[in-house]
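Below: the structure, in structure tokens.
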Amino acid sequence: MLKIENTLFTAVMLLYFASMILYFVFIAVKNDKLSRVAILLQAAGLVLHTAALICRGIGAGRLPMTNQYEFATSFAWGLCLVSLIFTYRFKFPMIGAFSAPVIFLIIGYAAMQSREVKALMPALQSNWLGFHVSTAIIAYGAFGVSFVVSLIFLLREKMQDRSFWDRHVPEKEKLDLISYRSVCLGLLFLSFCIISGSIWAERAWGSYWSWDPKETWSLVTWLIYAVYLHLRIRRGWKDRSAAWFAVIGFICVIFTYIGVNTFLPGIHSYK
């Protein structure tokens, strides 16, 4: 099954890469048919990506969410899934155009990690693993969508060919709403992630919170997005200020995953 997973993973990378290139060409030549093909390729990549994760899980005899490679490829899967949902829901292919490079970079990062299957340490042999990591994946995917929509918001008024952008990009009020909804989704699932992680930690190590670097930065990320929602609801923050907040929040998400694992190892570090 692991050999099948390797083959599927290669096919997924090629599909995501082809989708990304088609999105770029769509923006360059302004041909709407290319965006539809790019979306189909991205969806096909997601289907094969799902199959690859299933094969990995069967081959490893556990959920494929316990090391650097597995979480990175799951992170890319989550971002692809959420971006396709928002693309379909809002009829907004530019989400895919901006998320495709991020997805490809994340899965490219996964490809550089070791794919060796190792036995789980006793603390990870818990039913909480699936829920805890799955909620993190959905949260990161939602924050990724908020990030790309905020980038589109910030770039929209700088584009010279306004007819093309006006046709394919909603008004700034709708962009702001999409970003807001994706932040709400992400913060909800990140809350589930932190709560389930605390319960799991108490059962595994006897403490709900130990200020491990991953825990600390997850809390920092949660606080950034909580402040975003507070300022939006209570102070009416929207438009550019909110967009920059969402961009900064996702940078914190990336650091929480890659930066902490690289520079601040702790009990949550993936190997």
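The values are calculated or read from the model by the stated rules, or taken from the named source; none is laboratory data. As the structure is a computational prediction, the values presented were derived from the model and not from experiment. Cβ sites come from the backbone with ideal geometry, for glycine too, and all protein chains shown count toward neighbours.
To keep it simple, each residue is scored yes or no on (1) under 17 Å from Ala72 (Cα atoms); (2) among the aromatic types (Phe, Trp, Tyr); (3) modelled with pLDDT under 75.
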position	(1), (2), (3)
Trp209	no, yes, yes
Val227	no, no, no
His230	no, no, no
Gly236	no, no, yes
Ile251	yes, no, no
His268	yes, no, yes
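Annotation: of all residues in segment 168-210 being touching a helix residue (DSSP H, G or I) at 6+ places or on another chain (Cβ under 8 Å) and among the hydroxyl-bearing types (Ser, Thr, Tyr), the one that is surrounded by the fewest Cβ atoms within 10 Å (Cβ to Cβ) is Ser207. Just the residues that are of a type in the set (S, T, N, Q) and more than 13 Å from the chain's Cα centre (by Cα), please, taken from segment 82-117. Thr87, Gln113, Ser114, listed by residue number.
Residues checked against (1) within 15 Å of Phe75 (Cα to Cα); (2) more than 21 Å from the chain's Cα centre (by Cα); (3) modelled with pLDDT of 90 or more:
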site: Pro122; (1), (2), (3): no, yes, no
site: Ser126; (1), (2), (3): no, yes, no
site: Gly130; (1), (2), (3): yes, no, no
site: Ser134; (1), (2), (3): yes, no, no
site: Phe143; (1), (2), (3): yes, no, yes
site: Phe147; (1), (2), (3): yes, no, yes
site: Phe153; (1), (2), (3): no, no, no
site: Arg156; (1), (2), (3): no, yes, no
site: Met159; (1), (2), (3): no, yes, no
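Screening segment 21-58 for residues that are over 18 Å from Pro101 (Cβ atoms) and of a type in the set (S, T, N, Q) and picking the one that is farthest from the chain's Cα centre (by Cα) gives Asn31.
Of all residue pairs spaced 6 or more apart or on separate chains, those with beta-carbon atoms under 7 Å, a first member in segment 204-225 that is among the small types (Gly, Ala, Ser) and a second member that is surrounded by fewer than 16 Cβ atoms within 10 Å (Cβ to Cβ) and at pLDDT below 85 are Ala204/Ala123; Ala204/Ser126.
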